[in-house]
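What follows is a short report on a single structure.
Taken together, the values in this text are just the output of simple stated rules run on the coordinates, not laboratory data. This one's a predicted model, so the numbers in the text were calculated from it and none came from an experiment. Methodologically, a virtual Cβ is constructed for each residue, glycine included, from the backbone with ideal geometry; neighbour enumeration extends over all protein chains shown.
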Amino acid sequence: MPSLLVVALSLIGVSAAFAQNASMTVELRPGISAKVIDLKRVPGQEIVQLDYEVVNNSSTAVNLAELGIGRVGYGLDEITLYDFPNKISFKIGVASECLCTQPPEAPLNSGETFKAWAWFAPPATSPGPFAVRFGSTLPIMDVPLQ
């Protein structure tokens, strides 16, 4: 018979695995979702990289600007990281251009996925987890920082 400690550790492992597999997806509009793939610090930099994808499972094509997260020629301007414990929010970094994947000029057709990245500059004093908000949707909470 397994010891109580082994059973407890097993349950903790199951809970941690469940938490990591919890949905990191938000619906931008019916049939169109944004999913956080990864949120990680860039080694040696005070930069955090968000890897995500926008999936169009609707029956119509859509432009990312219509979803409120990007503008062709400028970039993705409405994705925000929130550090709620420190009461700070972070927008995508900008140099001479958006530090992000440029949105496609063509619409995202039904069944297509747009894979992208964006850089943010939270200080090391913001260790995460973060909330990630795409446009005006509810934020995806507790996104762990790798």
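For the stretch 40-146, the list of trypsin sites (Lys or Arg not before Pro) that fall in a loop by DSSP and count at most 13 other C-beta atoms within 10 angstrom reads LYS87. With the charge dipole of the stretch 25-143 set up from +1 on Lys and Arg Cβ and -1 on Asp and Glu Cβ about the Cα centre, the Cα lying farthest toward the positive end among the listed residues PRO127, ALA61, MET141 is that of PRO127.
Over the stretch 74-126, all Cα pairs binned in 5 Å intervals from 0 give whole-percent P(r) values of 4, 17, 24, 18, 16, 11, 6, 4, 0, listed from short to long. Sorting SER89, SER136 from the fewest to the most surrounding beta carbons within 10 angstrom yields SER136, SER89. Each principal axis of the stretch 25-143 carries a Cα extent, and these read 43, 30, 21 Å when sorted largest first. A Förster distance of 25 Å, applied to the separation of the beta-carbon atoms of GLU46 and GLN102, puts the FRET efficiency at 0.60.
Our summary gives the stretch 25-143 a relative contact order of 30 percent, counting only alpha carbon pairs under 8 angstrom and 6 or more residues apart.
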